[in-house]
């Protein structure tokens, strides 16, 4: 890696904001309305994938067929159902302090999310710090587990992906990190287990942003010399 701290590339839902289960319930609602009854846990296992892959994966499980237009409409209804739940979304413990410290120390960081700005924008506002770089599903050809989001975030920051670390709460984040050839760090705050994240490529796993903040030196971000 280059001299100085690495660039930190963050997923959003379940990594910086406590919104995974609002997404799950939003999907549960619209899938039920579309006649696809799926257990909440099955939906949770797919959160973090791109919306298109998410719908395709659930269609495989239900055996239901949808046209491209119907699938697109389903994703739009999910966005509306999630937006209705935005009042329940909160920053994860430590996320504001973590990003404030990175900004204060001029550590390059970005947010890269499989959501679009319509759903991600209000969640980002909760963080209290304006990111210099936000990459959403609308900015890339393919979302996670493809590497495009993180590659685009590093490029927008002007850093090499190999000088970056990806932080995410799902196996899809870590698979994307591996495909981007970046180190990946897992957070337990999205509901995946430690072993699952490690098996997907996480070289460190922390409980949540607060735990990461305490251990930032382990990922190459040190307190400035006094």
- Relative contact order for the chain: what is it in percent, counting Cα pairs under 8 Å that are at least 6 residues apart? 26 percent
- Could you state the per residue volume, in Å³, of the convex hull enclosing the Cα atoms of region 20-87? 74 Å³
- In degrees, nearest 10, range 0 to 90: what is the angle between the Cα axis of helix 95-104 and the longest Cα principal axis of the chain? 40 degrees
- Task: Pull out the extension gain between residue 67 and residue 38, defined as 0.36 nm times the separation in residues minus the alpha carbon to alpha carbon distance; nm, one decimal.
- Result: 8.5 nm
- Message: Could you tell me the ratio Rg/Rh of region 129-216? Both radii from Cα atoms, Rh via Kirkwood.
- Response: 0.96
- Cβ-Cβ FRET estimate between residue 156 and residue 86, R0 fixed at 35 Å, reported to 0.05: 0.85
- Query: Normalised by the residues of region 20-87, what does the relative contact order come to in percent, with Cα pairs under 8 Å and at least six apart?
  - Reply: 44 percent
- Mean ellipticity per residue at 222 nm, deg cm²/dmol - from DSSP H runs of n ≥ 4 across the chain, formula -39500 (n - 2.57): -12500 deg cm²/dmol
- Note on the structure: So the angle from the long Cα axis of helix 171-180 to the longest Cα principal axis of the chain, reported in degrees to the nearest 10, equals 60 degrees
- Message: Starting from 0.36 nm per residue, how many nanometres of slack lie between residue 57 and residue 125 once their C-alpha separation is accounted for?
- Response: 21.4 nm
- Using only Cα atoms, tell me the angle between helix 51-62 and the longest principal axis of the chain; keep it within 0 to 90° and round to the nearest 10. 50 degrees
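Any read-out appearing in this document is the output of simple, stated calculations on the displayed coordinates, not a laboratory observation. Since this is a predicted model, take the numbers as computed values, not measurements. FYI the Cβ positions are ideal-geometry reconstructions off the backbone, even for glycines, and counts take in every protein chain you see.
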